[in-house]
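Notes follow the structure.
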Amino acid sequence: ALDGEKEQALRVYTTRPDTLMGVTYVAVAPEHPLAARAAASNLTLAAFIEECSKMETSEAAMETMEKKGVDTGLKAAHPITGEAVPIYAANFVLMGYGEGAVMAVPAHDQRDFEFAQKYGLPIKQAIAPTNDEAIDLEKAAFTLKGKLVDSGDFSGLTSLVAFDAIAAHLQKIGKGNKRTNYR
């Protein structure tokens, strides 16, 4: 919450609900209203937002630019565990993509992994290879589908089954819905 405001919903977007239990931070677009409000009392964040307003946002530019961010000082509650995770304004999130906010799963997304390493954020495994192959999450994200681990009631499910199971669970508890986006 900001300055004593009551909690409010933050809509985030993901293409991989099977990785939900590996979320360790949320990244919002620099022009997200939440980042803008937090910047009113955070000069570092305000300067970052100003810097981002001048950057190129083509897909090619976004792919190759250095990933940067600033902690907003705000926290989001994980939709299943309730655990508090930091909210970062990040230059790789665009308002026009999803909701302008993404769940960050560094163990299973290379961009999120690089950002987490840069800013000392936790990397929490939620997916393991189905063939029990060894992976090293200190070197790179494991981005393939597999089986869920350390994911509460969803542990042991395959990514394919967990995708629908987690989406259905979030819908049931009023914290999510499935939708198809076309580009």
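The values are calculated or read from the model by the stated rules, or taken from the named source; none is laboratory data. Quantities reported herein were computed from a predicted structural model and do not represent experimental measurements. In this analysis, Cβ positions are derived from the backbone assuming ideal geometry, glycine residues included, and neighbour counts consider all displayed protein chains. Only protein heavy atoms, including side chains, enter the accessible area calculation; ligands, DNA and RNA are left aside. Shrake-Rupley method; radii C 1.70, N 1.55, O 1.52, S 1.80 Å.
A few comments on the model shown:
- Test: E114 is surrounded by fewer than 17 Cβ atoms within 10 Å (Cβ to Cβ) and not in a loop (DSSP other than H, G, I, E, B): yes
- Residue match in region 82-98 (condition: polar (S, T, N, Q), open to solvent by 60 Å² or more (accessible area, probe 1.4 Å) and either under 16 Å from the mean Cα position of the chain (by Cα) or within 20 Å of P17 (Cβ to Cβ) (or both)): no
- Hey, V93 among the aliphatic types (A, V, I, L, M) and at pLDDT 95 or above or not: no
- Filter pass, T57 being over 14 Å from the mean Cα position of the chain (by Cα) and modelled with pLDDT under 85: yes
- Taken over region 56-80, residues that are surrounded by fewer than 13 Cβ atoms within 10 Å (Cβ to Cβ) and part of a loop (DSSP other than H, G, I, E, B) amount to 3.
- Condition broken by A9, with the remaining ones in (1) open to solvent by 50 Å² or more (accessible area, probe 1.4 Å); (2) in contact (Cβ under 8 Å) with a residue 24 or more places away in the chain; (3) aliphatic (A, V, I, L, M); (4) within 30 Å of D153 (Cβ to Cβ) satisfied: (2)
- Criterion (surrounded by fewer than 17 Cβ atoms within 10 Å (Cβ to Cβ) and in contact with a strand residue (DSSP E or B) (Cβ under 7 Å, 6 or more places away or on another chain)) met by exactly one of V149, V102: V149
- Look at region 37-49: where a residue is open to solvent by 90 Å² or more (accessible area, probe 1.4 Å) and a partner is assigned to a helix (DSSP H, G or I), sitting 6+ places away or on another chain with Cβ atoms under 8 Å, you get A40/A46.
- Residue that is modelled with the lowest pLDDT, among those in region 171-183 that are surrounded by fewer than 17 Cβ atoms within 10 Å (Cβ to Cβ) and either within 17 Å of the chain's Cα centre (by Cα) or closer than 17 Å to G22 by Cα (or both): K178
- Complete set of residues in region 117-128 that are open to solvent by less than 10 Å² (accessible area, probe 1.4 Å) and in a loop (DSSP other than H, G, I, E, B): A126
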